[in-house]
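Participant: Starting off with a structure, shown below.
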Amino acid sequence: MSWEKKEFLYEGKAKKVWSTERDGFYVIEYKDDLTAFNAQKKATMEGKGQLNNEISAHLLAYLASRNIETHFVERIDERKQAVKAVSIIPLEVVVRNIATGSLCKRLGIKEGLEFPRPLLELYLKNDALDDPLVTEDHALLFGWASEEDLKIIRAISFKVNELLKELFRKRSIVLVDFKLEFGRTGEGRLVLADEISPDTCRFWDSSTGNRLDKDRFRKDLGDVLGAYREIWRRLSAKEE
Ligand code: TMP
Ligand code: ASP
């Protein structure tokens, strides 16, 4: 299928979005840019966009094969994928299995604590406010999501966690936490949107504990691209 870009719509920190000749579909291009701490820290790493495009396409297609509806249509080339046009719900949905990152900083929870059940958090997508943590009641009161939306968001997020935890476990990777975004299709259905990649997840090697995600960039651990390549190598390897 050919996907002609039509109108440039939006440039984010890691992706660009175009409309297409086909109504109801967008083209997303993955950039080589990396940012952290609300873009206070920035870098460009050649090949990062291609890796995230491949990893995200693979994971979204995998979830679709397990009956999770997503915006993903197909990977077009090294950098681009076609997606259903959705309007993004202004919430970042974080699911955590192990304590690290902002949770430890905010609440003084011990790094590495394994939870008896996954924790779901909502953050308002607002760079000017630094994406603050919000409650479901904020989301309802200010109209960012309805009761029904929140029910669907919780159910899909926990299902995605179970599916991805198992997928990565088989590849000797611990899925520590991740961020999801949801969008509404033209027909009004809520579907999984955005990307799932080492930019938006934390992956720890099961045996060494090595960080295989954007924490290598956030914390200056070195060999960021090597970690992304390793995630793609393990994901794309044939299952034994
Ligand atoms: P946090 O511990 O910094 O809140 O991050 C939780 C998860 O969300 C982690 O897997 C990284 C991901 N994340 C994003 O994808 N985008 C963001 O802007 C932030 C802050 C975190
Ligand atoms: N994505 C955010 C940024 O661009 C924060 C992060 O992932 O750490 O700055």
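Participant: Which condition number in (1) open to solvent by less than 50 Å² (accessible area, probe 1.4 Å); (2) in contact (Cβ under 8 Å) with a residue 24 or more places away in the chain; (3) of a type outside the set (Phe, Trp, Tyr) is the one that GLN50 fails?
Facilitator: The number of the failed condition is (1).
Participant: Any chance the stretch 8-31 includes a residue that's within 12 Å of ligand 2 (Cβ to nearest atom), touching a residue at least 40 places away in the same chain (Cβ under 8 Å), open to solvent by 40 Å² or more (accessible area, probe 1.4 Å) and part of a strand (DSSP E or B)?
Facilitator: No, that holds for no residue.
Quick grid of which residues meet (1) touching a residue at least 24 places away in the same chain (Cβ under 8 Å); (2) among the polar types (S, T, N, Q); (3) buried (at least 18 other Cβ atoms within 10 Å of the Cβ):
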{"position": "SER87", "(1), (2), (3)": "yes, yes, no"}
{"position": "ILE98", "(1), (2), (3)": "yes, no, yes"}
{"position": "GLY101", "(1), (2), (3)": "yes, no, no"}
{"position": "ILE109", "(1), (2), (3)": "no, no, no"}
{"position": "LEU113", "(1), (2), (3)": "no, no, no"}
{"position": "ARG117", "(1), (2), (3)": "no, no, no"}
{"position": "LEU122", "(1), (2), (3)": "yes, no, yes"}
{"position": "LEU129", "(1), (2), (3)": "no, no, no"}
{"position": "ALA139", "(1), (2), (3)": "yes, no, yes"}
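Participant: Among ASN38, ASN97, ASN53, which is under 17 Å from the mean Cα position of the chain (by Cα), over 22 Å from LEU129 (Cα atoms) and within 12 Å of ligand 1 (Cβ to nearest atom)? Give the derivation first.
Facilitator: Details: ASN38 fails: over 22 Å from LEU129 (Cα atoms); ASN53 fails: within 12 Å of ligand 1 (Cβ to nearest atom).
Matching residue, one of ASN38, ASN97, ASN53: ASN97.
Participant: Would you be able to say whether some residue in the stretch 49-72 is farther than 30 Å from GLY188 by Cα and assigned to a strand (DSSP E or B)?
Facilitator: no
The values are calculated or read from the model by the stated rules, or taken from the named source; none is laboratory data. This one's a predicted model, so the numbers in the text were calculated from it and none came from an experiment. All Cβ positions, even for glycine, are placed from backbone atoms using ideal geometry, and neighbour counts span all protein chains on display. Please note that ligands, DNA and RNA were not included when accessible areas were found on the heavy atoms of the full protein model with its side chains. Shrake-Rupley method; radii C 1.70, N 1.55, O 1.52, S 1.80 Å.
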